[in-house]
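Read the figures in this text as sums done on the coordinates, not as results from a lab. Please read these numbers as outputs of a predicted model, since none were measured by experiment. FYI the Cβ positions are ideal-geometry reconstructions off the backbone, even for glycines, and counts take in every protein chain you see.
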């Protein structure tokens, strides 16, 4: 057993830093009459007009042709100093596949001579926000970041939290930081720009948080499945807001906002989802992979005696009802999929910790997975796919 040092030879440094940031739900964030973004940029205390670098997802720019002009008009209307035209980076997993996006944003920050009282304003989906946020966290050990998520997945989950990162060395999010944003501005108008597939994929994270945190929300999702699948604006806005609130409540109340421990309940279904994304060559959207991963773990929970077959059927029906997949042919490589367990443990550190379902709205953590039973679970999903 290790011997503690003499207390007289040791000073224990202890301090705490309170974190606070607003998540605002708005409509038309770049409309000059909407002061939300200007308000968020007016918090630097620098005694001067705010300085900002605007970086957007190229997919967003393609479907919103006036985006650069809208940014310029908003900046002019609110006396925001923009040091360069709107910069574009790749959207989707291409944004974080290597260091190129991060390198580009760091170069733009340096060229603009932004300091810690300046802002990077990132408009895009979750993967793009991850990469741009990582760059902002690195520059000067932290330039202020304002996220404007433009996808369902980013608005209800990825964009409202405290994580940034990119993939490296064959692992998802191997490089990254825990740095809260300065503000998150959720604008429902962006959702109308999404292809149906991307919009539906984002619903998976709402189902996830309902399954592990809030049965009543899960039941509302069940009753709203058709509306969510078709993109009905009212249902979509309600789903995004409630999911984001539950995500934020977990960060605030879990006692582990920067994930120092081994548990990550908000990553229910993710151990296999991360592996499936990789095995599919990233043809699977993140939310689609999470859908499959959640059902796989729900099936395993049934075999373990944790979850009833009736509850499993409700999970499956909801996923199918909103238009999410419950199978991908990458599952036909079970040994490679199962490698995701150890990769997930390595990413967490410490012992393997997987969240399973005890019931709808109630999760339980386990520290071991019976791989034979997980193979059987994959086989049962295959049989469901064939039957359907």
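The table below gives the values:
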read-out	value
Against the rule of thumb 2.2 N^0.38 Å, how large the Cα Rg of the chain comes out	1.02
Antiparallel content of DSSP bridges confined to the chain, in %, to 5	30 percent
Antiparallel DSSP beta bridges within the range 23-193, as percent of all bridges there, nearest 5	20 percent
Degrees separating the helix 286-303 axis from the principal Cα axis of the chain, which is the longest one	30 degrees
Near-label residues of the range 167-181 by backbone N, under 18 Å of a point 7 Å along Cα→Cβ of residue 339	167-174
Nearest-0.05 FRET efficiency for residue 178 and residue 388, computed from C-beta distance (R0 45 Å)	0.65
Footprinting exposure proxy for 243, 63 (fewest neighbouring C-beta atoms within 10 Å first)	63, 243
Approximate shape of the range 196-387 as ellipsoid semi-axes (Cα gyration tensor, √5λ), whole Å, largest first	23, 20, 16
Helix 270-279 vs. the chain, principal-axis angle (Cα, 0 to 90°, nearest 10)	80 degrees
Angle in degrees between helix 371-387 and the longest Cα principal axis of the chain, rounded to the nearest 10	90 degrees
